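The values are calculated or read from the model by the stated rules, or taken from the named source; none is laboratory data. Keep in mind that this is a model prediction, so the values were computed, not measured. Note: ideal-geometry Cβ built from the backbone for every residue, glycine included; neighbour counts use all protein chains shown. Just the protein is used for accessible areas: all its heavy atoms, side chains included, with ligands, DNA and RNA removed. Shrake-Rupley method; radii C 1.70, N 1.55, O 1.52, S 1.80 Å.
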Amino acid sequence: MRILGIETSCDETAVAVVEGTRVICEQVYSQTEHERFGGIVPEIASRQQIRKIAPLFAACTAEYQITPETIDGIAATCGPGLIGSLLVGLNFSKALAYGWRLPFLGVNHLEGHIFANRLSEPAVEPPFIGLIVSGGHTMLIKVLDWCKYEVLGSTRDDAAGEAYDKVGKLLGLGYPGGRPIDELAAQGDPTFHRFPIARFKSGEYQFSFSGLKTAVAIYLKEQQQDFAQEHLADICASFQRCAVRMLAAPTIAAALEYGIGRVAIGGGVAANAGLRAELKRRADEHNLEVFFPPLKYCTDNAAMIAAAGCYRLERGERSELSLTATPYLPLG
Ligand code: KG4
Ligand code: ZN
């Protein structure tokens, strides 16, 4: 099946056409209007979605002839995410499906992040332990089959990406802070300062990032004015060392406890070079296989939504056109 996917859950507007796991065309617009506010402003996000969705769809149409005859269905993110942003892509998709008389399906954004792993070569096959790490979520799951999940645990407070963004803001690195921190960390000394690591009882697959974020804030407050600028790379490396350990340790522990030999990650933070290296190192120690989505399919995109939609639509699933957006839609 050839599926048109639309993603507008937060600050990316994305349109893609996917056939099975092959991406035929794609367009992504990442909003930059939030940088000066140091975080997403939902009202601006939804207004920008409205401005961008039609031109992006037109650009995709120009690249690849999208007509009711060349595609077999439409899939759109229906949650979780910002309600104003979600409604734009969802309503655009529903109108298109109605006008073109095509099957329609609402897709869970988190499921999309898992399906990003189907777009890589070689692709992971279930069962595997999945770690979803984005700006809004940090969750460990058992993927028994595609679209069949068991949630093992999630964050008690901040998401991993949120911690990166907040620390990025403290260090004056702009928004979002994940990528600049990752790049600076590669040049710094991870043992420069010991920040705290949140630990939970063995078998409890939980995460907590607010303590680490607060520890960085307190540490910076105690220093002289130019300290952060002079030791930027070292502070980033020290923060990243903790963040990455807190993510990698429970992931590998879950794979061992459940006797599952494969691990895959998804979400914006899955692009993190430090996290990829740490997971690979720990997986190698235990003879586990580790899979990562291509970098461009870690952050929000429509190819992953189309891939997930394709899988479900091929199995005969459909959503009613009365489907509405759900900001806190759970996985599964
Ligand atoms: O999945 P995503 O695009 O949006 C959500 O669904 O939230 O993830 C965005 C998050 C942001 O917090 C951003 O700082 C983080 O992913 N991110 C990274 C990296 N690239 C993006 N975090 C750490 N290292 C990176 N290289
Ligand atoms: Zn996302």
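Net charge near Phe227, counting Lys/Arg +1 and Asp/Glu -1 over other residues with Cβ under 13 Å of its Cβ?
-3
Which far-off residues, 5 or more places away or on another chain, put their amide H under 5 Å from the one on Ser319, with H placed in the peptide plane?
Phe104, Leu105, Gly106
Using a ≥ b ≥ c from the Cα gyration tensor of segment 132-225 (square roots of the eigenvalues), is it rounded, prolate or oblate, where a/c under 1.5 gives rounded and otherwise the larger of a/b and b/c decides, a/b for prolate?
Prolate, since a/c reaches 1.5 and a/b exceeds b/c.
Find the accessible area per residue for the chain; the probe is 1.4 Å, ligands and nucleic acids are left out, and the unit is Å².
That works out to 43 Å² per residue.
Which value, in debye to the nearest 20, gives the size of the charge dipole of segment 15-80 about its Cα centre, when Lys and Arg are +1 and Asp and Glu are -1 at the Cβ?
Using Cβ point charges on Lys, Arg, Asp and Glu, segment 15-80 gives about 240 debye.
With a 1.4 Å probe and every protein chain left in place, tell me how much accessible area Asp226 has, in Å² to the nearest 10.
Approximately 90 Å² for this residue.
Probe radius 1.4 Å, ligands and nucleic acids left out: which of Thr214, Thr138 has the largest accessible area, and how do the rest follow?
Numbers: Thr214 65, Thr138 5 Å².
Correct descending sequence by accessible area is Thr214, Thr138.
Per 10 Å bin from zero, what fraction in whole % of the C-alpha pairs of segment 201-332 is there, up to the bin with the longest pair?
10, 28, 31, 22, 8, 2, 0
Give, rounded to the nearest 20 debye, the magnitude of the charge dipole that the chain has about its Cα centre when Lys and Arg contribute +1 at Cβ and Asp and Glu contribute -1 at Cβ. All intermediate terms of the calculation are to be shown ahead of the outcome.
Working: 31 positive and 37 negative charges, 76 e Å.
With only Lys, Arg, Asp and Glu charged at Cβ, the dipole is about 360 debye.
Where Lys and Arg each count +1 and Asp and Glu each count -1, what net charge lies around Leu275 among other residues with Cβ under 10 Å from its Cβ?
Charge balance near Leu275 sits at +1.
Provide Arg312, Arg101, Arg179, Arg281 ordered by accessible surface of protein heavy atoms (probe 1.4 Å), highest first. Before the final figure, lay out each step's value.
On the way: Arg312 50, Arg101 205, Arg179 175, Arg281 115 Å².
Correct descending sequence by accessible area is Arg101, Arg179, Arg281, Arg312.
Once amide H atoms are placed 1.01 Å from N in the peptide plane, what residues at a sequence separation of 5 or more from Ile265, or on another chain, have their amide H within under 5 Å of its amide H?
Amide H neighbours of Ile265: Leu131, Phe291.
Listed highest first by mean packing, meaning other Cβ atoms within 10 Å per residue, what order do 299-310, 54-65, 112-123 come in? Walk me through the intermediate numbers first.
Details: 299-310: 31.0, 54-65: 15.5, 112-123: 21.7.
Per-residue Cβ counts within 10 Å, averaged per peptide and sorted highest first, yield 299-310, 112-123, 54-65.
Summarise the accessible area of segment 9-49 (1.4 Å probe, protein heavy atoms) by the percent that is carbon and sulfur. Before the final figure, lay out the partial values.
On the way: 830 of 1810 Å².
Heavy-atom surface of segment 9-49 belonging to carbon and sulfur, 1.4 Å probe: 46 percent.
Ignoring ligands and nucleic acids, what accessible area does Asp72 show with a 1.4 Å probe (Å², nearest 10)?
Approximately 70 Å² of Asp72 is accessible to the 1.4 Å probe.
Which whole-Hz couplings ³J(HN,Hα) result when phi for each residue of segment 232-246 is put into the Karplus expression 6.51 cos²θ - 1.76 cosθ + 1.60, θ = phi - 60°, listed in order with x for Gly and Pro?
Per-residue couplings from phi come out as 3, 5, 5, 5, 4, 5, 5, 5, 5, 4, 5, 4, 5, 5, 5 Hz.
For q = 0.24 Å⁻¹, what log10 I(q)/I(0) does segment 249-321 give under the Debye formula with an equal point scatterer on each alpha carbon and no solvent?
Calculated log10 I(q)/I(0) at the listed q: -1.01.
Which whole-Hz couplings ³J(HN,Hα) result when phi for each residue of segment 9-20 is put into the Karplus expression 6.51 cos²θ - 1.76 cosθ + 1.60, θ = phi - 60°, listed in order with x for Gly and Pro?
6, 9, 10, 10, 10, 9, 9, 8, 10, 10, 10, x
Round to the nearest 10 and report in Å² the accessible area of Glu222, as given by a 1.4 Å probe over the protein chains' heavy atoms.
Probe radius 1.4 Å; accessible area of Glu222 about 130 Å².
Suppose every K and R has +1 on its Cβ and every D and E has -1 on its Cβ; what is the size of the dipole of segment 126-214 about the Cα centre, in Debye to the nearest 20?
Using Cβ point charges on Lys, Arg, Asp and Glu, segment 126-214 gives about 200 debye.
For the chain, divide the Cα radius of gyration by the Kirkwood radius and give the resulting Rg/Rh value with two decimals.
Ratio of gyration radius to Kirkwood radius: 0.98.
According to the square roots a ≥ b ≥ c of the eigenvalues of the Cα gyration tensor, what is the shape class of segment 47-90, taking rounded for a/c under 1.5, prolate for a/b larger than b/c otherwise, and oblate for the remainder?
Oblate is the answer for segment 47-90, as a/c is 1.5 or above yet b/c matches or exceeds a/b.
Can you compute the helix-only [θ] at 222 nm over the chain? Use -39500 (n - 2.57) per DSSP H run of at least 4 residues, normalise by all residues, nearest 500 deg cm²/dmol.
-13000 deg cm²/dmol
Within the accessible area of segment 221-332, what % is carbon and sulfur when the probe is 1.4 Å and the other protein chains stay in place?
Here carbon and sulfur together make up 49 percent of the probe-accessible area.
Leaving ligands and nucleic acids out of the surface, order Val269, Val23 by accessible area at 1.4 Å, largest first.
Details: Val269 15, Val23 40 Å².
Heavy-atom accessible area, descending, gives Val23, Val269.
From the residues Ile181, Phe195, Leu232, which one has its Cα farthest along the dipole of segment 164-273 in the positive direction, the dipole being from +1 and -1 charges on Cβ of Lys/Arg and Asp/Glu about the Cα centre?
Phe195
Could you tell me which of rounded, prolate or oblate describes segment 56-208, using a ≥ b ≥ c as the square roots of the eigenvalues of the alpha-carbon gyration tensor, with rounded for a/c under 1.5 and, failing that, prolate when a/b is larger than b/c and oblate otherwise?
It is prolate, given that a/c is not under 1.5 and a/b is the larger ratio.
Given the options Ser30, Ser322, His113, identify the residue whose Cα lies farthest towards the positive end of the charge dipole of the chain (+1 on Cβ of Lys, Arg; -1 on Cβ of Asp, Glu).
Ser322
Zone of Ile83 (label point 7 Å along Cα→Cβ, backbone N under 17 Å): which residues in segment 152-194?
Within reach of a label on Ile83: no residues.
Report, for the chain, the % of DSSP beta bridges that are antiparallel, rounded to 5.
Around 60 percent antiparallel, to the nearest 5.
Give the distance, in whole Å, between the Cα centre of segment 139-178 and the Cα centre of segment 122-136.
13
List the relative contact order of segment 167-272 as a percent without decimals, with contacts defined as Cα pairs under 8 Å and 6+ residues apart.
Relative contact order, segment 167-272: 37 percent.
May I ask you to evaluate 6.51 cos²θ - 1.76 cosθ + 1.60, the Karplus curve with θ = phi - 60°, for each residue of segment 200-214 and list the ³J(HN,Hα) values in order in whole Hz, giving x for glycine and proline?
10, 4, 5, x, 9, 8, 10, 9, 8, 10, 6, x, 5, 4, 5
Note down the relative contact order for the chain as a percent, whole number, built from C-alpha pairs under 8 angstrom at least six residues apart.
The value is 26 percent.
Search the structure for amide H atoms under 5 Å from the amide H of Thr155, placed 1.01 Å from N in the peptide plane, and list their residues when 5 or more places away or on another chain.
Thr138, Phe207
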